[in-house]
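Okay, so here's the structure we're looking at.
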Amino acid sequence: MSEARLDVRKTYKLLINGAFPRSESGRSYEVTSAKGAFLANVAQGSRKDLRDAVTAARGAQVKWWNSTAYNRGQVIYRLAEMAESRRDELAEHVALCEGVNARTSQKTVSASIDRMVWYAGWTDKIAQVLGGTNPVAGPFFNFSIPVPSGVVGVVCVQESSLEGFVDAVLAPLCVGNTVVALASERRPTPAVLLGEMTSSSDFPAGVLNIVTGPSDELASVLASHEDVDGLDLSGVTSVDADGLAALGASSIKRVYRPHEMESDSSLRRLRAFVETSTVWHTIGQ
Amino acid sequence: MSDRPLANSQLGSLEYDPAPESAAIAKLKPSYGLFIDGQFSEAESDAQFATVNPANEEALSMVAQASALDVDRAVVSARRAYDKVWSKTTGAQRSKYLFRIARLIQERSRELAVVETLDNGKPIRESRDVDIPLAAAHFFYYAGWADKLDHAGFGVNPKPLGVAGQIIPWNFPLLMAAWKLAPALAAGNTCVLKPAETTPLSALVLAEILEQAELPPGVVNIVTGDGSTGAALVEHPDVDKIAFTGSTEVGRMIQQRTAASHKHLTLELGGKGANIVFDDAPIDEMIEGIIDGIFFNQGHVCCAGSRLLVQESVADEVLRRLVRRVEQLRVGDPLDKNTDVGAINSAAQLLRIRELTDFGESEGATRYTSSCELPQKGYWFAPTVFADVSQSHRIAREEIFGPVLSVLTFRTPEEAVAKANNTNYGLACGVWSEKGSRTLWVAERLRAGVIWANTYNRFDPTSPFGGMRESGFGREGGRHGLEAYLNV
């Protein structure tokens, strides 16, 4: 009599600087499915992990921004290709984490992949929409271009484990920022899977870093970190967000908080972590 | 010319071994039909013509000659696809089709590069490094616009025009197909594309790619043939838009024939680009830029820098360096990876180049022609520079569309601008100077659609391209390129 095969289970780890470490603290926390079944022991990121992630993001930022917009588009599109080919795995985790049926989770995956495609197309167009020349009254050629804020810390929404993560992370990446993302605390595995896919999508190390763990504690580390330029507070309650936004003021962070009326085609997220750089150049013989 | 002996005695004695790309990579078929309604079919009349490799005059494949009947089939198919399918797709769906096409071009890039070089005569280095990657990039770029049209600056929910008839030239066959199809499809139009008579093959490989991408039948139709095929497309009553790239002469005719119709029109026509060199320009880069500006693609480039305007104080040195550099250009087998200048695309074009250069000599310009050895078979023209050219010479006024540079001089920036603008054309210009403020001063005054500073012949899908005056109207590339295919 043959025994039923035992499956090999995965360890869900952090993504920092292109590597997949366990937390330096050695701790993990138990994640359950929406129905309460054991799902995984996910790495419990520490303050130190988060600081390492910020260091990695800072180190990768100039290179990411200096690569061509076309290249960034190719990289993000490649992620969509990877996600499409591993969509069933993503859907399974969305279904487990969000407690939805297979059909709904497949729809969520489709919408998330289409969102990646949408952002892949923005990399080389955002400057044409947000930038332009300014007809100053004088012999000067004056133009404004959008440039990235730098390193963006994202506290991902807690409910939408995949689509919310994709939107929050790709918007700042596509305009040239690098990102440290805190995945949904209770529903982290779809984000972890997507992080694994970036390693086969030509994402340079450090461009996207993903930390799993207690959102409240880690969000305040991100908000008060002096080397973080932008803060996306989608995943914290509005009361907590007020406090975190105030923390962010210490280094004049750009803070994004979701808007009730925001539509899918809104550019609010894309504009959130973009600076306008204006150049004056003389004109004359 | 004190520096010539060095080039001849030492560097000139070094020889490259042949490094030919294999023609078999092209996987050409003996014959190709018309691509209508998602299928290849023969022309109604069964008429065919041979497409020839201009480097050796050997036939590559037989191609269908589409008549007015075939063009009608194609337009009917495009209209049906527009009404039933394409106008109902979402931007996101169109986007994904275009991304697929971009990827497939990338995947089949080597094959496409060889096809292009065989059919056109251009060096494999150029088809491999310029034509094919840019064609893929163009689809990639417009793929991203298809679901973002609301943000393109033409108002909310801009509508397509309908059926677009697109007629393209032989100088960049696949790239021009990409320039036409990508924005048209992104904006939601369906297309009937008519490739040039002498270079239909890469468009037919593209048809296979469209099949592999599972683009719905009829969204793109490709009809091969001669000028009569193009004329039938222009005249067809159910075409909403004509986009033409080619000569000013034909463009003028198309404008006349569509003037009293509902058809929208964009024209990308000829040019006589001025490449303006100031005395402070960095000389090595500038010489390479001038060479690239005129000898890239055998000078078969509408925006070629075919008039060199040099500031008088450096004219002698620039001319000396140029002539020496021209002598070093490797002319020959287009499939050889070390070839700089390939074959002239057709016997007719070769005749025109010879005719105009003969005028150059008879009108008194000084001719320098490379002493390179030309192959016995095929259509070839040695790179040529004319000095002592005046503005009234035909070689300074007419588009030669070949590897021929006319050199004129100027003294002041005002004079450079006046001479550069002294043409009916207005497609492109170059400015070479280390002084940015002067470059911008000149650029503001040039009547040209594209101005390159300290570079030449740069193309990018994000950058609008197109002419002023008799170089045509409408832009291809960039956000602006969408306008040509939107009803706005």
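The values are calculated or read from the model by the stated rules, or taken from the named source; none is laboratory data. This is a predicted model, so every value here is computed, not measured. Every residue, glycine among them, receives a Cβ derived from its backbone with ideal geometry; neighbour counts consider all protein chains shown.
Considering segment A:47-74, the residues that are in contact with a helix residue (DSSP H, G or I) (Cβ under 8 Å, 6 or more places away or on another chain) and within 14 Å of another protein chain (Cβ to nearest Cβ) include one that is nearest to A:Arg115 (Cα to Cα), namely A:Gly73. Picking from residues in segment B:456-481 that are within 14 Å of chain A (Cβ to nearest Cβ) and crowded, with 24+ Cβ neighbours inside 10 Å, the one that is farthest from the chain's Cα centre (by Cα) is B:Gly481. Within this structure, B:Tyr142 passes the test of being within 13 Å of chain A (Cβ to nearest Cβ) and assigned to a helix (DSSP H, G or I). How many residues are surrounded by fewer than 21 Cβ atoms within 10 Å (Cβ to Cβ) and in contact with a Pro (Cβ under 9 Å, 6 or more places away or on another chain) if we restrict to segment B:62-73? Qualifying residue count, segment B:62-73: 1. For segment B:404-435, a residue qualifies if it is in contact with a strand residue (DSSP E or B) (Cβ under 6 Å, 6 or more places away or on another chain) and not β-branched (Val, Ile, Thr), and the qualifying residues are B:Leu405, B:Ser406, B:Leu408, B:Phe410, B:Ala416, B:Lys419, B:Ala420, B:Ala428, B:Cys429, B:Gly430, B:Trp432.
Filtered by the rule that a residue be over 19 Å from A:Ala219 (Cβ atoms) and assigned to a strand (DSSP E or B), segment A:254-269 gives no residues. Taking (1) closer than 17 Å to A:Val157 by Cβ; (2) crowded, with 20+ Cβ neighbours inside 10 Å; (3) in contact with a helix residue (DSSP H, G or I) (Cβ under 8 Å, 6 or more places away or on another chain) in turn, A:Asp240 satisfies each apart from (2). Is it the case, given these coordinates, that A:Tyr77 is modelled with pLDDT of 95 or more and touching a Phe, Trp or Tyr at 6+ places or on another chain (Cβ under 7 Å)? Here the answer is yes, as A:Tyr77 does meet what is asked. For segment A:132-148, the candidate set comprises residues that are within 13 Å of chain B (Cβ to nearest Cβ) and assigned to a strand (DSSP E or B); within that set, the residue that is surrounded by the most Cβ atoms within 10 Å (Cβ to Cβ) is A:Phe141.
Scanning segment B:418-455 for residues that are outside any loop (DSSP other than H, G, I, E, B) and of a type in the set (Val, Ile, Thr), we see that the one that is nearest to the chain's Cα centre (by Cα) is B:Val450. Please verify whether segment B:434-447 includes one or more residues that are of a type in the set (Ser, Thr, Tyr) and either away from every other protein chain (no Cβ under 14 Å) or touching a helix residue (DSSP H, G or I) at 6+ places or on another chain (Cβ under 8 Å) (or both). For segment B:434-447, residues of a type in the set (Ser, Thr, Tyr) and either away from every other protein chain (no Cβ under 14 Å) or touching a helix residue (DSSP H, G or I) at 6+ places or on another chain (Cβ under 8 Å) (or both): absent. Is there a residue being surrounded by 22 or more Cβ atoms within 10 Å (Cβ to Cβ) and within 30 Å of B:Gly436 (Cα to Cα) anywhere in segment B:257-269? Yes, segment B:257-269 has at least one match. All conditions but one from (1) within 30 Å of B:Asn157 (Cβ to Cβ); (2) away from chain B (no Cβ under 14 Å); (3) out of contact with any strand residue (DSSP E or B) (no Cβ under 9 Å at 6 or more places or on another chain) apply to A:Asp232; the one that does not is (3). Scan segment B:147-164 residue by residue and report those that are more than 10 Å from chain A (Cβ to nearest Cβ), among the small types (Gly, Ala, Ser), under 28 Å from the mean Cα position of the chain (by Cα) and assigned to a loop (DSSP other than H, G, I, E, B). If the condition is that a residue be more than 10 Å from chain A (Cβ to nearest Cβ), among the small types (Gly, Ala, Ser), under 28 Å from the mean Cα position of the chain (by Cα) and assigned to a loop (DSSP other than H, G, I, E, B), then B:Gly162 is the only one that fits. When you check B:Glu434 against the structure, is it of a type in the set (D, E, K, R), surrounded by fewer than 24 Cβ atoms within 10 Å (Cβ to Cβ) and more than 27 Å from B:Gly251 (Cα to Cα), yes or no? When the stated conditions are applied, B:Glu434 passes them. Of the residues making up segment A:121-164, those that are touching a Leu at 6+ places or on another chain (Cβ under 8 Å) and closer than 19 Å to A:Val179 by Cβ are A:Trp122, A:Ile126, A:Pro146, A:Val152, A:Gly153, A:Val154, A:Val155, A:Cys156, A:Leu162.
Among the conditions (1) at pLDDT 95 or above; (2) within 14 Å of chain B (Cβ to nearest Cβ), A:Asp264 misses just one, which is (1). Of the residues contained in segment B:369-379, one or more are found to be buried (at least 18 other Cβ atoms within 10 Å of the Cβ), assigned to a loop (DSSP other than H, G, I, E, B) and either within 13 Å of chain A (Cβ to nearest Cβ) or among the polar types (S, T, N, Q) (or both). For segment B:81-92, taking the residues that are surrounded by fewer than 21 Cβ atoms within 10 Å (Cβ to Cβ) and touching a residue at least 40 places away in the same chain (Cβ under 8 Å), the one that is nearest to the other protein chains (Cβ to nearest Cβ) is identified as B:Ala92. Contact map, segment A:73-99: residues that are in a helix (DSSP H, G or I) paired with residues that are modelled with pLDDT of 95 or more and among the acidic types (Asp, Glu), Cβ distance under 7 Å, separation 6+ or inter-chain. Pairs shown: A:Gly73/A:Asp124.
B:Ala19 is checked against (1) hydrophobic (A, V, I, L, M, F, W, C); (2) over 18 Å from B:Val219 (Cβ atoms); (3) modelled with pLDDT of 95 or more and fails just one. What number does that condition carry? B:Ala19 satisfies all of (1) hydrophobic (A, V, I, L, M, F, W, C); (2) over 18 Å from B:Val219 (Cβ atoms); (3) modelled with pLDDT of 95 or more except (3).
From B:Leu134, B:Leu174, grab the single residue that is within 13 Å of chain A (Cβ to nearest Cβ) and hydrophobic (A, V, I, L, M, F, W, C).
B:Leu134
The helices (runs of 4 or more DSSP H) falling completely within segment A:149-237 that include 2 or more residues that are over 13 Å from the mean Cα position of the chain (by Cα) and at pLDDT 95 or above map to A:189-198, A:215-224. Within segment B:466-487, being basic (Lys, Arg) and assigned to a helix (DSSP H, G or I) holds for B:Arg469, B:Arg479. Among residues of segment B:233-244 that are among the basic types (Lys, Arg), those with a beta-carbon under 6 Å from a residue that is surrounded by fewer than 24 Cβ atoms within 10 Å (Cβ to Cβ) at least six positions away or on a different chain give the pairs B:Lys241/B:Leu161; B:Lys241/B:His264.
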